[in-house]
1. From the list Ala106, Ala126, which one is modelled with pLDDT of 85 or more and part of a helix (DSSP H, G or I)?
2. Where residues in region 98-137 are more than 17 Å from Cys66 (Cα to Cα) and polar (S, T, N, Q), which of them is most open to solvent (accessible area, probe 1.4 Å)?
3. List pairs: first in region 51-62 and over 14 Å from Ala37 (Cβ atoms), second open to solvent by 100 Å² or more (accessible area, probe 1.4 Å), Cβ under 9 Å, 6+ apart or cross-chain?
4. Every residue in region 32-49 that is open to solvent by less than 80 Å² (accessible area, probe 1.4 Å), over 11 Å from Ser64 (Cβ atoms) and small (Gly, Ala, Ser), please.
5. Hey, could you check region 36-63 for residues that are within 28 Å of Phe135 (Cβ to Cβ) and touching a Leu at 6+ places or on another chain (Cβ under 9 Å) and say which is modelled with the highest pLDDT?
6. Limited to region 80-97, what total is found for residues that are at pLDDT 85 or above and open to solvent by 80 Å² or more (accessible area, probe 1.4 Å)?
7. Leu22 - would you say it is touching a Phe, Trp or Tyr at 6+ places or on another chain (Cβ under 8 Å) and either open to solvent by 80 Å² or more (accessible area, probe 1.4 Å) or without any contact (Cβ under 8 Å) to a residue 60 or more places away in the chain (or both)?
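The values are calculated or read from the model by the stated rules, or taken from the named source; none is laboratory data. Nothing here was measured: the structure is a model prediction, and the numbers come from that model. Here the Cβ is made from the backbone with ideal geometry for all residues, glycine too, and neighbour counts use every protein chain on show. When the accessible area is computed, the model is the full protein with side chains, heavy atoms only, and any ligands, DNA or RNA have been set aside. Shrake-Rupley method; radii C 1.70, N 1.55, O 1.52, S 1.80 Å.
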Amino acid sequence: MSAATALLQRARALATKHDRPLRFVVAGAANTAFGLAIYPALLWSSAWLHEHYMVGLGIAQLVSLCFAYLSYKIAVFRTGGGARVGREIGLFSSFYLINYALNWLALPLLVRGLSLDPVVAQFGFAIVLMGASYFWHSRLTFRTRET
């Protein structure tokens with residue numbers, strides 16, 4: 001067996017072993033791109049939304065939350081429908097409400113208290129959020145009997 005073949009087999013084994021976390025990263029990237037695109041798209045598509053930009057923000061956040069929920073549910077955790085959907089949506093939304101509140105508290109502390117640049121502080125917060133998001137969604141939101 002060649003070194004390239006062995007390396008490819010090892011990469012496939014790792015990808016299979018870590019399938020869900022890899023799907024989570026890909027879905028997270030798609031959610032981030034969508035979330036960053038939907039707000040300006042809404043404002044540029046409507047003069048009324050451009051004038052009432054906070055309404056546009058609310059719509060963008062709601063649409064982004066739905067998009068993220070569906071992408072994690074379908075592409076990452078692959079849970080079924082039925083009665084569990086309401087529970088999942090509640091837990092999923094709760095995570096983001098808690099995140100928004102913590103972000104509003106943490107950012108000033110990181111910037112003023114630790115003298116971090118706001119962009120650096122927010123990036124660090126986002127890194128912590130990614131890990132917390134996977135833990136929350138895998139253990140709570142999309143929990144199955146197997147996990």
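1. Details: Ala126 fails: modelled with pLDDT of 85 or more.
Residue meeting the stated conditions: Ala106.
2. Ser115
3. If the second residue must be open to solvent by 100 Å² or more (accessible area, probe 1.4 Å), the pairs left are Val55/Trp48.
4. Ala41, Ser46
5. Ranking the candidates gives Val63 first.
6. Of the residues in region 80-97, the ones at pLDDT 85 or above are 85-97.
If we keep only those that are open to solvent by 80 Å² or more (accessible area, probe 1.4 Å) too, we end up with 87, 97.
Summing the residues that are at pLDDT 85 or above and open to solvent by 80 Å² or more (accessible area, probe 1.4 Å) in region 80-97 gives 2.
7. no
Here's the yes/no breakdown for (1) over 17 Å from the mean Cα position of the chain (by Cα); (2) free of Cβ contacts under 8 Å to residues at least 12 places away in the same chain; (3) under 27 Å from Ile127 (Cα atoms):
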site: Met1; (1), (2), (3): yes, yes, no
site: Arg12; (1), (2), (3): yes, yes, yes
site: Ala37; (1), (2), (3): no, yes, yes
site: Pro40; (1), (2), (3): yes, yes, yes
site: Leu43; (1), (2), (3): yes, no, no
site: Ala68; (1), (2), (3): no, no, yes
site: Phe77; (1), (2), (3): no, no, yes
site: Ala83; (1), (2), (3): yes, yes, no
site: Gly86; (1), (2), (3): yes, yes, no
